[in-house]
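The values are calculated or read from the model by the stated rules, or taken from the named source; none is laboratory data. This one's a predicted model, so the numbers in the text were calculated from it and none came from an experiment. Heads up, the Cβs are rebuilt from the backbone with ideal geometry, glycines too, and the neighbour counts pull from every protein chain shown. To get the accessible areas, we keep the full protein, side chains included, count just its heavy atoms, and leave off ligands, DNA and RNA. Shrake-Rupley method; radii C 1.70, N 1.55, O 1.52, S 1.80 Å.
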Amino acid sequence: MTKLFTHRLRVRYSECDQQNVVFNGHYLFYYDVALTELWREVTGGYASMVEGGTDLVVAEARIRYRQGARYDELIDIEMPLTRLGTTSMIVCPRFKVGERLIAEGEVRHVFTDTVAGGKKEMPDAVRAAFQPYTSAGE
């Protein structure tokens, strides 16, 4: 059975626009916070991978907005991994307030070499750690 990581955060007043809903640009920030927490849970932290010479960059991001989350609501960010490739991984976040789907998306990350630059194969330890979280079962 595939594991699903979910991170919860509360909408702060400063994140809302004049319509009293979360400004659309904040959803990628929320995603980044959730990804950091996912990484912490699954691998123990991001720094050790970087110290080992591998980094992760966003190559493509797409968010589809369904409804607006509002000040003080709790947003659950579900983080299903749909692909672990050779040099990349895809996460398809779902942003929910209760059962309401607020937004959903797809973010493709590419592993890079911190010294030489360019693409690099995903470290074996990272692949093994994320395998249980991958819905495609790769």
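Rounded to the nearest Hz, the phi-derived 3J(HN,Hα) couplings of region 48-55 under the Karplus curve 6.51 cos²θ - 1.76 cosθ + 1.60 (θ = phi - 60°) are 5, 5, 5, 4, x, x, 10, 10, where x marks glycine and proline. Within a straight-line Cα-Cα reach of under 12 Å, residue 120 can be paired with the following aspartates and glutamates, leaving aside sequence neighbours fewer than 8 residues apart in one chain: 55.
Could you tell me what percent of the DSSP beta bridges with both partners in region 57-138 are antiparallel, to the nearest 5? Don't skip to the end; give the middle numbers.
Working: 23 of 24 bridges.
That works out to approximately 95 percent antiparallel.
Rolling a 1.4 Å probe over the protein heavy atoms of region 33-138, with every protein chain left in place, gives an accessible area that is 47 percent carbon and sulfur. For residue 23, the amide hydrogen comes within under 5 Å of the amide hydrogens of 16, 17, counting only partners 5 or more places away or on other chains and with H modelled in the peptide plane. Seen from residue 25, the other residues with C-beta closer than 11 Å to its C-beta sum to a net charge of -2, counting Lys and Arg as +1 and Asp and Glu as -1. For residue 134, the amide hydrogen comes within under 5 Å of the amide hydrogens of 3, counting only partners 5 or more places away or on other chains and with H modelled in the peptide plane. Here the spin labels are modelled as points 7 Å beyond Cα on the Cα-Cβ line, and at residue 8 and residue 73 they lie 1.6 nm apart.
Quick one: net charge of residue 59's neighbours, Cβ under 12 Å, K/R +1, D/E -1? Numbers along the way, then the final one.
Details: positive: 62, 108, 119; negative: 60, 106.
That sum, taken over residues with Cβ under 12 Å, equals +1.
Here residue 96 is the anchor, and the lysines within straight C-alpha reach of less than 20 Å, apart from those fewer than 8 places off in the same chain, are 3.
Between helix 26-43 and the chain there is an angle of about 40 degrees, using the helix long axis and the longest principal axis of the Cα atoms. For region 1-32 versus region 81-116, the inter-centroid distance based on Cα atoms is 15 Å. Relative to the globular-protein estimate of 2.2 N^0.38 Å, the Cα radius of gyration of the chain stands at 1.09. Of all DSSP-defined beta bridges confined to the chain, some 95% are antiparallel rather than parallel.
Remark: region 9-17, residue by residue, has Karplus-estimated 3J(HN,Hα) of 9, 9, 5, 9, 4, 5, 8, 9, 8 Hz, where x stands for each Gly or Pro and the curve is 6.51 cos²θ - 1.76 cosθ + 1.60 at θ = phi - 60°.
Tell me, what is the per residue accessible area of the chain in Å², probe radius 1.4 Å?
Working: 7610 Å² over 138 residues.
For the chain, the per-residue accessible area is 55 Å².
From a point 7 Å beyond the Cα of residue 17 in the direction of its Cβ, which residues of region 99-115 have a backbone N at a distance under 20 Å? Within reach of a label on residue 17: 101-106.
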